[in-house]
Structure formats: structure tokens, C-alpha cells
Amino acid sequence: QCHLPPQAWTNSINQANKMALLAWAKDTGIDLVQINGQRRYGGPPPGWVGNPPPAGTEVFIGKLPQDMYENTLIPLFQSVGKLYEFRLMMTFSGLNRGFAYAKYSNRRGAKEAIAAFNNFEVQEGCAIVVCKSLEKCELSVDGLATSVSRWELETMLQQVTEGVLGVTLYTSPCQKRTQLAVLKYSSHQAAAMAKKTLMEGNMKLGGMEIRVDWLKPDLKQKLQLCKEKLSSSRVRGGKCLGAPKQAPLPPVLCNALDRLDTLCRRQYLGAPLFLTKCIQANSNGWLRFWCRVVIPGCPVPFSGFTWVRQDGPGRSGHEEAKVAAALQVLRLLGES
């Protein structure tokens, strides 16, 4: 009995269609790029000028024959409008996973695609599904240890994912003594890739396993309602689900800046430089800051986001943000 090596085995699957795809790509000059389980055309396509298309221009394509590739699908979907991007989800063997996304240059193209190709037979007896893509951009990450701060989580996400716009921490509604994070990404594609990376990585934060999923509408509404309730009642220090959580601060908070400065000088790293910018102010007194700490002796600056409150006279939000940033850097350096 002859056993093919894994690469030869995967190459032998659907070989005729794979060869046809390669010939088509060569003839048309179309560039297909495969990254982490999806193969992409465009985003932007050649000659595109300006910003990406607005929301509502992408369609979901389901129930695809797994042996069908872009040499059939792109010309079909481009026949009703200009494509900005086409993404085909792929398996390890080189077959498609049965679904794809087509993003058009305008909403009219997406509507035309749904009208023309929903329930369209791409092969005899094989009708596909085409509908508006939800273009979800938010993930929920549940099961975070209470010791995990917004700064630490955002720093980790920036290292392993792309396009993260913001992180908000809440008390978990599902597990006691844990946190739930809502992650917002720049696009559905960025969020989908982040979800895949986080799920396949079996990541742990604070020694606990995390569960990653799309942010469901009912959970989002529950978080928003509790946040509004907190804002209207101006409750301080409560355990409301929607309360933005400040990074846990040790009792030596007032000495954090001095401690970091002393550490840097002791290690001959130079005096740390703090850059802070307030990017959001909530009606309940919470301020969200972008922070960067530049230490001359460190090759990479420390960057992230944090929530603070301006709790007393004589201390600005920027000063509170610097303290929070200093504490996070001390933790990352193992000094807190």
C-alpha cells in the first residue's frame, strides 16, 4: 500500500481546478494572496483611488461547491458591479470552505449581486446563497482574570492581531470573579482574522482560558443598558456590569512615576517620556486616554489605552493617565 506524503496528498485534491485557477490568474494578471485560511483579491484592487467603500457594500456567499475557485467566482460576481475585494475561505487541503465574501465599490453593486445570484445555480443542482454581509467588527472575550488590565490586554492584541481600535472591560455576566472584554476592530475582515487567531491560539491571560466569540446583539444591549444606568445614577465603585474598569492600582499609586524614573535611571535607560491624549470623555466622569511611554534605552515604546477618573482638585486627567501608564510599564518590567 502506497502512502502519499501530506503535501503530495493535498496537491492531488481537485488538481484540475487548481491548475485552471493558476492558468486564469496568469492570463488575467490577477493577484491572489492567501493569509491564514482565506484567499483574497483586491482590498484595494489595482487602480483604486480613495477610501474603501462604505458599510453595506459587502455580500456573503454561502453553499459554494468546495471545488470551485476564483476563476469562476470573480468573473461571475464582477458581472454585476465593480469588485473592491473578494475573499474565499480555504481549507488546508486547498478546497474552499463553502463560503466567501464579495465587497463592491458601492451599495448598488451589492444589491445587484443579491438580486442576481441568491439561489443561483453555479452548478447543476447546486444553488448558492447570497445575502447582505453583517460586517461585524466587534468581538467578546470572556473569562479574563480580574488582574488583567486594559493596557495589558490591548498591548497583547496589538502584538498578535491587526486593526484593533479599542478595548472595553466589563465584569463578566457569565462567570464570577472574571472580566469580559469587548474588542472593536477596523473592519469585519480584521475582526474575523483576530477571532481566528485568538481561538486557535488557545490563549490564556492571567492564567485563565478565554472564550472568544462575535459580540452578540443581546449581550451588547445588556452592556449598553447597564452603562446608561450607571451614567444616569452616577454610581461610584459599583459592580454594575457596564462600568468601565480602571486598571487595578496598588497602594503606592502616588509613587509610580518616581518608581519608574528611579528604575530607569538605575538601569541606565534614561528618563521616561510620557505622551498622553484624551480620546473619550464619558458623562459619568471617566476619561479614556491614549498613552505612550518612551524610554531612551528601550528599542520599542510602550503604547496603549487606559481609563481614568479625575477624582480630586489639583490633579488633571493627564496626570492620572501618566500614573496608570507608569504602573503598567512597571508591571511589564516585572517591578510591580
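Exactly which GluC sites (Glu not before Pro) in segment 111-163 are in a DSSP loop and have at most 11 other Cβ atoms within 10 Å?
Listed in order of number, the matching sites are GLU124.
Can you pick out the pairs among LYS82/LYS196; LYS176/LYS222; LYS26/LYS111; LYS132/LYS220; LYS222/LYS277 whose Cα atoms lie more than 25 Å from each other?
The pairs that break the limit, which is 25 Å between Cα atoms, are LYS82/LYS196; LYS26/LYS111; LYS222/LYS277.
How many times 2.2 N^0.38 Å is the alpha carbon radius of gyration of segment 38-102?
It is 1.13.
With r as the distance between the Cβ atoms of ASN106 and ARG259 and R0 = 45 Å, compute the FRET efficiency 1/(1 + (r/R0)^6) and round to 0.05.
After rounding to 0.05, the efficiency reads 0.25.
What does the charge dipole of segment 255-333 about its Cα centre add up to, to the nearest 20 debye, if the Cβ of each Lys and Arg holds +1 and the Cβ of each Asp and Glu holds -1?
Using Cβ point charges on Lys, Arg, Asp and Glu, segment 255-333 gives about 140 debye.
Provide the FRET efficiency to the nearest 0.05 for the GLN175-GLN224 pair, computing r from the beta carbons and using R0 = 22 Å.
Computed FRET efficiency for GLN175 and GLN224: 0.60.
From the Cα gyration tensor of segment 1-153, with a ≥ b ≥ c the square roots of its eigenvalues, which class applies: rounded if a/c is under 1.5, or else prolate if a/b is larger than b/c, or else oblate?
It is oblate, given that a/c is not under 1.5 and a/b is not larger than b/c.
Stretched out fully, how many nm does the piece from ASP31 to TRP214 gain, at 0.36 nm a residue minus the Cα gap?
Full extension from ASP31 to TRP214 adds 62.9 nm.
Using the Karplus curve 6.51 cos²θ - 1.76 cosθ + 1.60 with θ = phi - 60°, what ³J(HN,Hα) values do you get for each residue of segment 55-61, in whole Hz, with x for Gly and Pro?
4, x, 9, 10, 10, 9, 10
Using a probe radius of 1.4 Å on heavy atoms only, what accessible surface per residue do you get for segment 68-141? Whole Å² is fine.
Ligands and nucleic acids excluded, the figure is 45 Å² per residue.
The values are calculated or read from the model by the stated rules, or taken from the named source; none is laboratory data. Everything numeric in this text was worked out from a predicted model, so none of it was measured. Positions of Cβ are backbone-derived with ideal geometry, glycine not excepted, and every protein chain shown enters the neighbour counts. SASA here: full protein model, heavy atoms, side chains in, ligands and nucleic acids out. Shrake-Rupley method; radii C 1.70, N 1.55, O 1.52, S 1.80 Å.
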